[in-house]
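The values are calculated or read from the model by the stated rules, or taken from the named source; none is laboratory data. All values reported here derive from a predicted model rather than from experimental measurement. We place every Cβ from the backbone using ideal geometry, glycine too, and count neighbours over all the protein chains shown.
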Amino acid sequence: MLSEAAFTRSCPRAARVRAVGLISLVVLAGAVSACTTTGTPSGGASVGRVEGSQIARDGALGLTSEDRAVALQAELRALEATPAGAAVSWRNPETGHAGDVLPGPAYQVNAQSCRDYTHNVTAADQPASFQATACRGSDGIWQVVT
């Protein structure tokens with residue numbers, strides 16, 4: 001590793017400025033990557049999930065636990081960051097079950113962000129469609145309310 005003096009002598013000023021800028025960018029990217037909607041915040045509450053979804057509790061469709069996990073992740077992506085009307089699709093290649101989640105626009109209810117959404121599922125060649133409303137609590141968890 002070069003000492004500061006050796007670095008200064010061997011690198012022109014423009015290269016040093018670029019190196020410092022690159023290092024700063026890497027540090028900033030690391031700091032920003034720690035700010036996600038999944039994981040555990042300093043308060044210890046778990047976030048980045050959807051609770052009460054029909055997909056998680058509806059055994060009639062014949063979805064496997066893997067199907068439900070993939071479908072719930074699609075619901076989370078749709079609710080968290082997908083523009084209204086844009087579909088978030090999912091598919092489990094092992095079962096062939098698939099679906100898409102279409103979120104509506106976000107709106108506020110009692111200081112909570114809420115979204116209506118439609119979850120279309122095809123399992124065993126049988127289509128099904130669920131409509132629901134979910135609201136994001138201060139803990140970051142989306143709770144299905146209808």
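Brief remarks follow.
- Residues located in segment 97-125, provided they are free of Cβ contacts under 8 Å to residues at least 60 places away in the same chain, among the aliphatic types (A, V, I, L, M) and farther than 13 Å from S53 by Cα: A98, L102, A106, V109, A111
- Residue count for segment 99-125, restricted to those that are loosely packed, with under 12 Cβ neighbours inside 10 Å and under 17 Å from the mean Cα position of the chain (by Cα): 1
- Pick from segment 126-146, criterion under 15 Å from the mean Cα position of the chain (by Cα) and of a type in the set (A, V, I, L, M), ranking: nearest to G48 (Cα to Cα): I141
- So R57, is it modelled with pLDDT of 95 or more, among the charged types (D, E, K, R) and under 24 Å from G140 (Cβ atoms): no
Residue-wise test of (1) surrounded by 15 or more Cβ atoms within 10 Å (Cβ to Cβ); (2) free of Cβ contacts under 8 Å to residues at least 24 places away in the same chain.
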position: V50; (1), (2): yes, no
position: A56; (1), (2): yes, yes
position: G59; (1), (2): no, yes
position: G62; (1), (2): no, no
position: D67; (1), (2): yes, no
position: A86; (1), (2): no, yes
position: T95; (1), (2): yes, no
position: W142; (1), (2): yes, no
